[in-house]
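Working notes for the structure below.
Rule-based calculations on the coordinates, nothing more; no lab input. Because the structure is a prediction, the values reported are computed rather than measured. Every residue, glycine among them, receives a Cβ derived from its backbone with ideal geometry; neighbour counts consider all protein chains shown.
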Amino acid sequence: MRTGRAAVHRFLGILVLTASMNALLPGSAPAVQWRPLARTARHDVALEMDSIKLTPSGRVTVWLRFTPLGEPQRRLAAAEYGEKQYRLHLEYYEIDCSEQSDILELIDIIGPDGKRLSRMNGGGPPAAIFPGSALDLAAKRVCPSIENETVPEDEVEAPDSGDAAKVDTNRDAEDVRTRIAAALQKTQTEPDSQAAWRDLGNAYYDGDMTREAINAYDRALALKPDDADVLNDQGAMYRQQGDFTRALANFEKALKIAPDNLESLYNVGYVDAFDLNRMDKALKAWRRYLELDRTSETARQVQGFIERYSK
């Protein structure tokens, strides 16, 4: 689903949007060569072969591309990154092959027509690579390829995602309009269908029609008040409006209905931390999150939040 997840609104805790990084980008880049790497619960992951380079410090650089498996996964990522037009994202790593650790240096959020919507700067201390993760597979792929290479410092180039931003966007605006029209018609023929109102809310959500989405979700919740997914989605819309108190109320209600709901835990922590400045409450929610999930991509983000903000 697309989730309340209180979107990361370009924070991502350890990943702070830095416009200054744009100065690193050249005007154009040659086409890149992507190789399929892995499939996670939410993304197809590919590796850019031309980005594999050895730095003077002995680390290996690599771009990874994360393409959502479907529309629900895309909406989830769009909410997490605070970018409604999200289509995929790219992550730039420096991998220490000997220590089996990495530093996430950059994240590029890609929208329709391959346009980069934002660039986020990472950095920080190296993090251990989780065995079996996509990054672990990347390390196993790239480390042997550069074992005997060295590189002078003056040959180190600034990272660039280049043509990696090219994506298929045929389903975008026209698809959303079609879905809204179909969902509206279904609510007229099935006004007592909770699913019909939920689907209408989802279509408005994807069309960035915040007020309309909230109203449709209200109708869905009137028919099924204990739907944690709809509560999360409506909470995301409240947050999009800047109504952080109502967003948090939705997320907390969803968490009471489903205490182990990872989406709700993430959302509660995010709003408490970055919207309401209640870091102690956020850390409590995130630690609970890691009790339930320690291996997913989102768990990696949550671990980064805790490491940065518990100091």
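Protection proxy ranking, highest mean first, for peptides 275-287, 176-188, 41-53: 41-53, 275-287, 176-188, where packing is the per-residue count of other beta-carbon atoms within 10 Å, averaged.
Sorting the segments 64-72, 228-236 by their residues' average number of neighbouring beta-carbon atoms within 10 angstrom, most packed first, yields 228-236, 64-72. Among the listed pairs Lys253/Lys281; Lys84/Lys256; Lys84/Lys284, those with a Cα-Cα distance over 20 Å are Lys84/Lys256; Lys84/Lys284.
Computed extension length for Lys281-Ala249: 10.1 nm, one decimal, from 0.36 nm per residue of separation with the Cα-Cα distance subtracted. In this calculation the C-beta distance from Leu290 to Gln188 is compared with R0 = 35 Å, giving a FRET efficiency of 0.20.
By per-residue mean of other Cβ atoms within 10 Å, what is the highest-first order of 94-102, 122-130?
Ranked from most to least packed, the peptides come out as 94-102, 122-130.
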